[in-house]
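Report on one structure; see the data block that follows.
What follows draws every value from the coordinates through simple rules; no lab data is involved. Keep in mind that this is a model prediction, so the values were computed, not measured. Cβ atoms come from the backbone with ideal geometry, glycine included; neighbour counts cover every protein chain shown.
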């Protein structure tokens, strides 16, 4: 009883800690650069609205890649809700805690029964879709590396992440083919969900590649919205460097780390002052708001079951947060 009360208290305190960490991260970013937020209050709204729309369209594409890896005849509405809600929670929670919510929401949204493949299998397919997303990002970075002024560490990180992601996918497939039948039931189900056939992997990889191209254009619009006039190459460099900074999100939205990477890469491109600071603060916020809009639309599709599916997301988040603390 005492342990349960302790965990409940920690879960209640978590939102406050996250809020303070976010404010602290932003404050550190602003203080270190010595700039003000003046430019952040007067963007050009047309390109900013375009960036918002493109970012929102990324969410159903990510859900489609997960659905492809899952390979089950599930209602896409359920997968879209699970993917978008979990992605939104990832933007406001540290350490990718929103990922567990995706499985919880998918179970409730699908109604269980014959459609529900099981948490282990759904989780395995989710891991594969995330690995494909990493491969797609690394591929974009690797193809752009010869043409962009990427630092050596960034080039090595891009190549390394690509190789690790591909190795992870290959290892799961090999594990399923060789000893999958002898593994414990839950682990075997997880590996089976992750071991997608090659055509499915190619399809999912192409979908994820499309999402990164869309994010590239969205970031270009955000940069122009705040008066940072860069070309397609500059926007791509910005995406690669800030994407690498997001690998280990210790704070919500990777506050502080993202801003430092954003300001640094724009300085390399010859842009300094309040404009780059405004972009570094606004870009993740636009992404979070777009993801929130996609999540709200996905939940609204469930009508009377809106609250039920929403509660599943919070329960999944709370369970993961409790395990983390």
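Measure of size requested: the Rg and Dmax of segment 137-280, with Cα atoms as the atom set and Å as the unit; please supply both.
18.5, 60
At R0 = 45 Å, how high is the FRET efficiency between residue 267 and residue 114 if r is their beta carbon distance? Nearest 0.05 is fine.
0.20
For a quick check: sort 102, 114 by the number of other beta carbons within 10 angstrom, fewest at the front.
Lowest count first: 114, 102.
What percent do you get for the relative contact order of segment 132-239 when only Cα pairs under 8 Å and 6+ apart count? Mind showing how you got there, number by number?
Numbers: 78 pairs, mean separation 34.9, N = 108.
It comes to 32 percent, rounded to a whole number.
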